[in-house]
1. Of all residues in the range 257-277, which are surrounded by fewer than 16 Cβ atoms within 10 Å (Cβ to Cβ) and touching a Leu at 6+ places or on another chain (Cβ under 9 Å)?
2. Just checking, does the range 89-103 include any residue being of a type in the set (Asp, Glu), under 15 Å from the mean Cα position of the chain (by Cα) and more than 12 Å from the ligand (Cβ to nearest atom)?
3. Pick from ASP224, ASP212, ASP189: which is within 16 Å of SER256 (Cα to Cα) and out of contact with any Cys (no Cβ under 6 Å at 6 or more places or on another chain)?
4. Out of the range 7-30, which residues are under 19 Å from LEU55 (Cβ atoms) and among the polar types (S, T, N, Q)?
5. Residue under question is PHE30, and the condition is that it be touching a residue at least 40 places away in the same chain (Cβ under 8 Å), under 29 Å from VAL204 (Cβ atoms) and within 11 Å of the ligand (Cβ to nearest atom); does it hold?
6. Here is a list of conditions, (1) in contact with a Gly (Cβ under 6 Å, 6 or more places away or on another chain); (2) surrounded by fewer than 16 Cβ atoms within 10 Å (Cβ to Cβ), and GLY280 meets all of them except one; can you say which number that is?
7. Could you pull out the residue among ALA186, ALA274 that is within 21 Å of the chain's Cα centre (by Cα) and among the small types (Gly, Ala, Ser)?
8. Tell me, which residue of the range 104-118 that is in a helix (DSSP H, G or I) and under 24 Å from ARG197 (Cβ atoms) is farthest from the ligand (Cβ to nearest atom)?
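The values are calculated or read from the model by the stated rules, or taken from the named source; none is laboratory data. Quantities reported herein were computed from a predicted structural model and do not represent experimental measurements. All Cβ positions, even for glycine, are placed from backbone atoms using ideal geometry, and neighbour counts span all protein chains on display.
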Amino acid sequence: MREGHASRTAEHNALFRALESSLPERRRLFTDPLARAFLTWPFAFVARLAVAPGLRELVPWLIDNRWPGVRSSVVARTRLIDDAIATALVEPIEQLVILGAGFDSRAYRLPGMRGIAVFEVDHLDTQTTKRQALARELSVLPPHVRFVAIDFNRQGLESVMPAAGYRESARTFFLWEGVTNYLTEAAVDTTLRWCSRAAPGSLVLFTYIHRDVLTRPGIFVGTDRLFASLAKAGEQLTFGLEPSELPEFLSKRGLSLESDVGTAEYRRRSFTDAARKMRGHEFYRVALGRVGRSVA
Ligand SMILES: C[S@@+](CC[C@H](N)C(=O)[O-])C[C@H]1O[C@@H](n2cnc3c(N)ncnc32)[C@H](O)[C@@H]1O
């Protein structure tokens, strides 16, 4: 991230969610009515254009040509995570902790959020921009949302969460979407260990990248242009995992692996037949771990 600026990749994700929300209701995977509010020029202009019939198909097509697979991967995983939270609410959960929240608007748009405490945890630079946009968009900030600023590479969550009202004894859903790949290994380790101190049965849903994309990027489609854009945004990929090592990696940190799906699979679940033609971003994965030992 560039010092003093909100995360650019968080804004990319907001753009993709805004574009998806402009599609006709029967064709979109979700509706994110706030996504457009987080966009600055020129993304705000692009999202505005994409409301028009014809352009709303053309704009995503142009993006997909430039950065193969990124948009469809973000859109499909947004739906996957929305569904995972809906399922967890039934268990039930008492808290949702969104780590590296960026311009995630789930606290405001998903059903059931007002009945639990939601913590938006993020770098101060991104969070400041988000709070300004929310203040413009919402007349009152809902009281179930609490904002916590952190730099994962420098601070532990134990130093900031108790003061925000986080309860370690409560069953919690931790969401860590699009973040681990920008952190140090030590920050990922410390954060997961802190999550695993939550009440047994709590869930940790996080994304990670296949370690091979760091060492052999050429084996994945579209990495050259993607890496160039990330470098421009000051957000290089730094951390990845080997999927076959994930169960042991989590077990050492007090979590049992419930599921681990790659982009190709979660795109197939959301886009069904259309996913067959989608390429790129296959190194991206979504994992779900549970606090405590595996019951299987
Ligand atoms: C790709 S965005 C993901 C945002 C959101 N979770 C989503 O999926 O749309 C990465 C997020 O990680 C946050 N981030 C990156 N490095 C961080 C750090 N060292 N400490 C705290 N947050 C960080 C950024 O502020 C940004 O919100």
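1. Scanning the range 257-277 gives SER259, ARG269.
2. No, that holds for no residue.
3. ASP189
4. Within the range 7-30, SER21, SER22 qualify.
5. On the way: touching a residue at least 40 places away in the same chain (Cβ under 8 Å): yes; under 29 Å from VAL204 (Cβ atoms): yes; within 11 Å of the ligand (Cβ to nearest atom): no.
The answer is no for PHE30.
6. (2)
7. ALA186
8. It comes out as GLY115.
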